[in-house]
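In what follows, a single structure is set out as structure tokens and then discussed.
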Amino acid sequence: QVQLVESGGGLVQPGGSLRLSCAASGSIFSIIDMRWYRQAPGKERELVATIISGGTTEYADLAKGRFTISKDNAKNTAYLQMNSLKPEDTAVYYCNVRATVSGRFGSYWGQGTQVTVSS
């Protein structure tokens, strides 16, 4: 079984920083890519950032210049470093991992972690 455990969410003031972690466990042969999404109340889920197995990163406009996605291959863990946080960043942040497991492709989601940016 593949499990994703997220951590790092919480309450932060505008301009502050948080680092989210997403640890994947299970019989994972290889990770294709890892992504961070977020969803605010009443809004659609939106893609924040992507990191591909080779290390290439992609960012939504909302994240450019402020957020950094990275990974630790040995730990099968993805990170999202968030700086210069704004109230508009308040949302539940979800990790998604696409991977080959037991020779088959799969897509897996974390439970989400709440990020609240407020004074």
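The values are calculated or read from the model by the stated rules, or taken from the named source; none is laboratory data. In this text, all values refer to a predicted model and were calculated from it rather than measured experimentally. Using ideal geometry, Cβ is built from the backbone for each residue, glycine included, and neighbour counts are taken over all protein chains shown. The accessibility values were calculated without ligands, DNA or RNA, using every heavy atom of the protein model including side chains. Shrake-Rupley method; radii C 1.70, N 1.55, O 1.52, S 1.80 Å.
Based on what the data block shows, is Ser84 out of contact with any strand residue (DSSP E or B) (no Cβ under 7 Å at 6 or more places or on another chain), closer than 17 Å to Gly8 by Cα and in a loop (DSSP other than H, G, I, E, B)?
yes
Counting just the residues of region 1-26 that are modelled with pLDDT of 95 or more and in a loop (DSSP other than H, G, I, E, B), which one comes out most open to solvent (accessible area, probe 1.4 Å)?
Gln13
Within region 93-115, can you find the residues that are more than 11 Å from Val2 (Cα to Cα) and open to solvent by less than 40 Å² (accessible area, probe 1.4 Å)?
Tyr93, Cys95, Asn96, Gly112, Thr113, Val115
So Glu58 fits all but one of (1) more than 28 Å from Ser118 (Cα to Cα); (2) modelled with pLDDT of 95 or more; (3) among the acidic types (Asp, Glu); what number is the exception?
(1)
Is it true that Ala74 is at pLDDT below 95, of a type outside the set (Phe, Trp, Tyr) and either over 18 Å from Trp109 (Cβ atoms) or open to solvent by 60 Å² or more (accessible area, probe 1.4 Å) (or both)?
yes
With the structure loaded, tell me whether Ile69 is outside any loop (DSSP other than H, G, I, E, B) and at pLDDT below 95 or whether it fails that test.
no
Which of the residues that make up region 77-92 are exposed (fewer than 14 other Cβ atoms within 10 Å of the Cβ) and either under 22 Å from Tyr108 (Cα atoms) or among the charged types (D, E, K, R) (or both)?
Of everything in region 77-92, those that are exposed (fewer than 14 other Cβ atoms within 10 Å of the Cβ) and either under 22 Å from Tyr108 (Cα atoms) or among the charged types (D, E, K, R) (or both) turn out to be Lys86, Glu88.
Being assigned to a strand (DSSP E or B), more than 17 Å from Gly65 (Cβ to Cβ), of a type outside the set (Ser, Thr, Tyr) and at pLDDT 95 or above is the requirement here; does Leu47 meet it?
So Leu47 does not fit the description; no.
Go through (1) in a strand (DSSP E or B); (2) closer than 18 Å to Gly9 by Cα; (3) among the acidic types (Asp, Glu) and name the single condition Glu58 misses.
The single condition Glu58 does not satisfy is (2).
What tally of residues in region 27-49 results from selecting those that are more than 15 Å from Ala91 (Cα to Cα) and either in contact with a Ser or Thr (Cβ under 7 Å, 6 or more places away or on another chain) or open to solvent by 40 Å² or more (accessible area, probe 1.4 Å) (or both)?
Of the residues in region 27-49, 7 are more than 15 Å from Ala91 (Cα to Cα) and either in contact with a Ser or Thr (Cβ under 7 Å, 6 or more places away or on another chain) or open to solvent by 40 Å² or more (accessible area, probe 1.4 Å) (or both).
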